Amino acid sequence: MSEKLRRQLEKALVYIDQNLDKKMTTVHVAKVASISSFHFQRVFSTYLGETVGQYILHRRLERAAIMLVNTKSIGITNIASQFGFENHSAFSRAFKKQFNISPS
């Protein structure tokens with residue numbers, strides 16, 4: 001991987017991590033990285049082993065899991081909403097699929 005491409009991917013990963021609570025599209029993240037959407041998706045999948053959408057979902061779920069453990073005062077529904085899930089059940093299904101345990 002070239003140094004320029006590595007920096008572009010790194011920029012995209014930092015952007016994703018800093019904006020997990022916002023709605024993101026692959027096209028937008030590719031623009032942040034200054035790469036065409038098609039090329040970005042290809043490179044991202046090749047080097048990270050998952051699609052951009054899968055990566056964003058996994059990072060959101062990881063961050064939500066940390067919040068669930070560390071912040072007992074915030075309910076599951078609020079955390080699900082904060083990370084862009086439409087409802088508690090969608091969050092619970094995704095969480096269970098990722099971690100093999102329910103969020104509660």
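The values are calculated or read from the model by the stated rules, or taken from the named source; none is laboratory data. Computed from a predicted model, the values in this text were never measured in an experiment. Note that each Cβ is placed from the backbone with ideal geometry, even for glycine, and that neighbours are counted across all protein chains shown. SASA here: full protein model, heavy atoms, side chains in, ligands and nucleic acids out. Shrake-Rupley method; radii C 1.70, N 1.55, O 1.52, S 1.80 Å.
For the structure I just gave you, tell me whether residue 72 is at pLDDT 95 or above and among the basic types (Lys, Arg).
No.
I'd like to check which helices (runs of 4 or more DSSP H) are fully inside the range 24-75 and have at least 1 residues that are of a type in the set (S, T, N, Q), open to solvent by less than 40 Å² (accessible area, probe 1.4 Å) and touching a helix residue (DSSP H, G or I) at 6+ places or on another chain (Cβ under 6 Å).
Those helices (runs of 4 or more DSSP H) span 26-32, 37-48.
Quick check on my filter: what residues within the range 76-89 are part of a helix (DSSP H, G or I) and open to solvent by less than 30 Å² (accessible area, probe 1.4 Å)?
79, 80
Please determine, by comparing only the residues of the range 2-31 that are of a type outside the set (D, E, K, R) and more than 15 Å from the chain's Cα centre (by Cα), which one is modelled with the highest pLDDT.
This residue is 8.
Give the residues of the range 1-20 that are surrounded by fewer than 12 Cβ atoms within 10 Å (Cβ to Cβ) and either touching a residue at least 60 places away in the same chain (Cβ under 8 Å) or assigned to a loop (DSSP other than H, G, I, E, B) (or both), sorted by residue number.
If the condition is that a residue be surrounded by fewer than 12 Cβ atoms within 10 Å (Cβ to Cβ) and either touching a residue at least 60 places away in the same chain (Cβ under 8 Å) or assigned to a loop (DSSP other than H, G, I, E, B) (or both), then 1, 2 are the ones that fit.
Would you confirm whether any residue within the range 55-63 is over 24 Å from residue 91 (Cα atoms) and within 16 Å of the chain's Cα centre (by Cα)?
The answer is no; no qualifying residue exists.
How many residues are free of Cβ contacts under 8 Å to residues at least 40 places away in the same chain, of a type in the set (Phe, Trp, Tyr) and in contact with a Leu (Cβ under 7 Å, 6 or more places away or on another chain) when one looks only at the range 74-104?
Final tally of qualifying residues: 1.
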